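Written below as structure tokens is the structure these notes are about.
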Amino acid sequence: MSSLLTNSSAMTALQTLRSVSSQLSTTQSRISTGQRVATASDNAAYWSIATSMRADNAALSAVSDSLGLSAATVDTEYTALNKVLGDSNSGLTKLQALLVEAKTAGIDRSKIQSEITQIQQDMKNVAGAATFNGVNWLSTNATTPATVNLVSSFSRVGATPTTSSITVTVANYSLYTSTTSGILDTVTGSASVDTINIGALTDSAADQTTLDGYIAQVTAAIGTVASGAANLGAIKNRISNNSEFVKSLMDSVDRGIGQLVDADMNQESTRLAALQVQQQLGVQALSIANNNSQSILSLFR
């Protein structure tokens, strides 16, 4: 039935065109943002989950940065401890060898002491230089904390986020302190490793006993420093493993977020082409429907 007041065909065509335009707008938005769930109105559940996961990933990123700083700090202290341990030409190892050599009858101990003094100064310099980001565990003072907590991981159990940390006891690695209570400056008997002086010693039995005491003292220091280096090596390895895990976890979370909210660009581009065709057809259908109304006028000519 033809009517002057109601054009049913035009109304149907207009509704179809509005629906196609709405779908086209949604598809264009997905293509421009790359997301099929960009706001809560798109899918409240997925948007909420993705938002929480992004927040967790931001926390994991902070943990990753902290692990990087921790790794650099531990590596600095570990490298310095190994340098203090030394080898046949330096550090505690060389100091021990020189003291054993000093037990030789008739040897010029003042010349050996010159080497010992140089080694003592080198070790102190190494400890003083073992600083990263203002942190030094080998040469400490009254402001140095007794323990340091290194953030190692982040996790969420239900709605409760938790962090884990590695606790480092600084005294286990402190070689020199402002109160002379470090591994190398604590006085045992008549001297500390840092103040051993054999320049005035002779071949007497008493002085030989003193040398034996120095040798035992340096040997004990080697054991303590080696143990500290081993502990730092273990911490270094743990931090490295945690760092790799955190990075892998961040990648997994990113993939999970993508599964929830990312748009399938192949699908959306195909849909865009189809909707554009539908829109063109809708415009034509509306035009035809409007022209049908004009045909009523011909009845009155």
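The values are calculated or read from the model by the stated rules, or taken from the named source; none is laboratory data. Note that this is a predicted model, so its numbers are computed, not measured. With ideal geometry, Cβ positions are generated from the backbone for all residues, glycine too; neighbour counts draw on all protein chains shown.
Quick look at the values:
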| quantity | calculated |
| --- | --- |
| Top-ranked residue in the range 140-174 [being closer than 22 Å to Val84 by Cβ and small (Gly, Ala, Ser); ranked as nearest to the chain's Cα centre (by Cα)] | Ala146 |
| Filter result (in contact with a helix residue (DSSP H, G or I) (Cβ under 7 Å, 6 or more places away or on another chain), hydroxyl-bearing (Ser, Thr, Tyr) and over 15 Å from Leu99 (Cβ atoms)) within the range 173-203 | Tyr173, Tyr176 |
| Residue in the range 146-156 that is assigned to a helix (DSSP H, G or I), more than 15 Å from Ile183 (Cα to Cα) and without any contact (Cβ under 8 Å) to a residue 40 or more places away in the chain present | no |
| Qualifying positions in the range 125-145 - surrounded by 14 or more Cβ atoms within 10 Å (Cβ to Cβ) and in contact (Cβ under 8 Å) with a residue 60 or more places away in the chain | Phe132, Val135, Trp137, Leu138 |
| Any hit, the range 16-36, residues being modelled with pLDDT of 80 or more and touching a Leu at 6+ places or on another chain (Cβ under 6 Å) | no |
| Filtered residue count, the range 46-67, keeping only those that are more than 15 Å from Asn241 (Cα to Cα) and either out of contact with any Phe, Trp or Tyr (no Cβ under 9 Å at 6 or more places or on another chain) or of a type in the set (Val, Ile, Thr) (or both) | 13 |
| Hits in the range 82-101 - residues which are part of a helix (DSSP H, G or I) and polar (S, T, N, Q) | Asn82, Thr93, Gln96 |
| So Ala221, is it surrounded by 13 or more Cβ atoms within 10 Å (Cβ to Cβ), within 35 Å of the chain's Cα centre (by Cα), in contact (Cβ under 8 Å) with a residue 24 or more places away in the chain and within 30 Å of Ser70 (Cα to Cα) | yes |
| Among the residues listed as Ala50, Ala59, the single one being under 30 Å from Leu260 (Cβ atoms), touching a Pro at 6+ places or on another chain (Cβ under 7 Å), touching a residue at least 24 places away in the same chain (Cβ under 8 Å) and aliphatic (A, V, I, L, M) | Ala59 |
| Options Met250, Met265: the member that is within 30 Å of Asn43 (Cα to Cα), loosely packed, with under 13 Cβ neighbours inside 10 Å, out of contact with any His (no Cβ under 7 Å at 6 or more places or on another chain) and touching a residue at least 12 places away in the same chain (Cβ under 8 Å) | Met265 |
| Counted residues, the range 102-144 - those being closer than 17 Å to Ile183 by Cα, part of a loop (DSSP other than H, G, I, E, B) and among the small types (Gly, Ala, Ser) | 2 |
| Positions within the range 176-210 being in a helix (DSSP H, G or I) and either over 25 Å from Val126 (Cβ atoms) or β-branched (Val, Ile, Thr) (or both), in sequence order | Val193, Thr195, Ala205, Ala206, Asp207, Gln208, Thr209, Thr210 |
| Any chance Ser19 is closer than 30 Å to Ile288 by Cα and either under 35 Å from the mean Cα position of the chain (by Cα) or surrounded by fewer than 19 Cβ atoms within 10 Å (Cβ to Cβ) (or both) | yes |
| Unmet criterion (only one of (1) within 17 Å of Tyr214 (Cα to Cα); (2) of a type in the set (D, E, K, R); (3) touching a residue at least 24 places away in the same chain (Cβ under 8 Å)) for Asp122 | (1) |
| Residue match in the range 254-264 (condition: in a helix (DSSP H, G or I), within 22 Å of Ser29 (Cα to Cα), among the charged types (D, E, K, R) and under 35 Å from the mean Cα position of the chain (by Cα)) | yes |
| Every pair of residues 6+ apart whose Cβ atoms lie under 6 Å, when the first sits in the range 183-194 and is of a type in the set (Asp, Glu) while the second is surrounded by 20 or more Cβ atoms within 10 Å (Cβ to Cβ) and assigned to a strand (DSSP E or B) | Asp185/Tyr176 |
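Residue-by-condition table, conditions (1) over 30 Å from Thr209 (Cβ atoms); (2) touching a Pro at 6+ places or on another chain (Cβ under 7 Å); (3) touching a residue at least 40 places away in the same chain (Cβ under 8 Å):
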{"residue": "Leu24", "(1), (2), (3)": "yes, no, yes"}
{"residue": "Ser32", "(1), (2), (3)": "yes, no, no"}
{"residue": "Arg36", "(1), (2), (3)": "yes, no, yes"}
{"residue": "Thr39", "(1), (2), (3)": "yes, no, no"}
{"residue": "Thr73", "(1), (2), (3)": "yes, no, yes"}
{"residue": "Thr93", "(1), (2), (3)": "no, no, yes"}
{"residue": "Gln96", "(1), (2), (3)": "no, no, yes"}
